[in-house]
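Enquirer: Quick one: structure below, then a few questions.
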Amino acid sequence: MGTGKTVVGKALSKKTGAAFVDVDNDIEFVEKARIADIFKSKGEQYFRRLEKEALERVSGKDGVVVSCGGGIVIDPENVSIMKKTGVCICLTASPEAILKRVGSTKHRPLLQCDDPLSRIKELLAARQSYYNRADMIIDTTGLPIPEIVDALRALLP
């Protein structure tokens, strides 16, 4: 979260002419509920199942830039789906940059705690080995969106 997946994904799709799909938006559309409300009412496990279903729906499409939530890689089947159907790119950022970007938003269920910076650090540390499975990793800390998009275009086949 807060690494630029959605804003970079939209900019990349605009630059390349590819369609853009946000997995979280797909889930919200299908469930007719916000992600935060799904977490609150049905829990993270239920959300992760919806996330896999959404990924399966969008991954088979050609010419699509897909933005996934940061926790999607915890499930190895999701990583396998992403790698079979496209290039898996991990956007990262420093914990401080992430906190600055997400601020005090209430729609980030995993950050509804007393110390969001510590929680971000915990999540990043716990997920690092999963993120390392990406085909490419780009640190977006301090980079302008057009520069990130240009870097992605140069790296993509």
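Condition check ((1) assigned to a helix (DSSP H, G or I); (2) farther than 18 Å from Val8 by Cα; (3) under 12 Å from the mean Cα position of the chain (by Cα)) across all residues:
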residue	(1), (2), (3)
Glu44	yes, yes, no
Ile81	yes, yes, no
Val87	no, no, no
Leu91	no, no, yes
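Enquirer: In segment 51-67, which residues are outside any helix (DSSP H, G or I) and free of Cβ contacts under 8 Å to residues at least 60 places away in the same chain?
Expert: Gly60, Lys61, Asp62, Gly63, Val64, Val65, Val66
Enquirer: What number of residues in segment 10-42 are in a loop (DSSP other than H, G, I, E, B) and under 21 Å from Thr85 (Cβ atoms)?
Expert: 2
Enquirer: Shifting gears a bit: Select from segment 93-109 the residues that are assigned to a helix (DSSP H, G or I) and modelled with pLDDT of 90 or more and write down the one among them that is surrounded by the fewest Cβ atoms within 10 Å (Cβ to Cβ).
Expert: Glu96
Enquirer: Identify all residues within segment 125-154 that are of a type in the set (A, V, I, L, M, F, W, C), free of Cβ contacts under 8 Å to residues at least 12 places away in the same chain and part of a loop (DSSP other than H, G, I, E, B); write none if there are none.
Expert: The one that is of a type in the set (A, V, I, L, M, F, W, C), free of Cβ contacts under 8 Å to residues at least 12 places away in the same chain and part of a loop (DSSP other than H, G, I, E, B): Leu143.
Enquirer: Of the residues Asp75, Asp37, which single one is in contact with a helix residue (DSSP H, G or I) (Cβ under 7 Å, 6 or more places away or on another chain) and acidic (Asp, Glu)?
Expert: Among Asp75, Asp37, only Asp75 is in contact with a helix residue (DSSP H, G or I) (Cβ under 7 Å, 6 or more places away or on another chain) and acidic (Asp, Glu).
Enquirer: Next question, about the same structure. Which of the residues spanning segment 45-72 are more than 20 Å from Val149 (Cβ to Cβ), surrounded by fewer than 17 Cβ atoms within 10 Å (Cβ to Cβ) and at pLDDT 90 or above?
Expert: Gln45, Tyr46, Arg48, Arg49, Lys52, Glu53, Glu56, Arg57 - these are the residues of segment 45-72 that are more than 20 Å from Val149 (Cβ to Cβ), surrounded by fewer than 17 Cβ atoms within 10 Å (Cβ to Cβ) and at pLDDT 90 or above.
Enquirer: Please determine, by comparing only the residues of segment 1-41 that are of a type in the set (S, T, N, Q) and surrounded by fewer than 20 Cβ atoms within 10 Å (Cβ to Cβ), which one is farthest from Ile145 (Cα to Cα).
Expert: The extreme case among them is Ser41.
Enquirer: Follow-up question, since we're still on this one. Quick check: anything in segment 52-61 of a type in the set (S, T, N, Q) and under 17 Å from Arg127 (Cα atoms)? Walk me through it before giving the result.
Expert: So in segment 52-61, the residues of a type in the set (S, T, N, Q) come out as 59.
With the extra rule that they be under 17 Å from Arg127 (Cα atoms), the set shrinks to none.
No, segment 52-61 contains no residue that is of a type in the set (S, T, N, Q) and under 17 Å from Arg127 (Cα atoms).
The values are calculated or read from the model by the stated rules, or taken from the named source; none is laboratory data. Treat the numbers as computed from the prediction; the structure is a model and nothing was measured. Cβ coordinates were reconstructed from backbone atoms using ideal geometry, including for glycine residues, and neighbour counts include every protein chain displayed.
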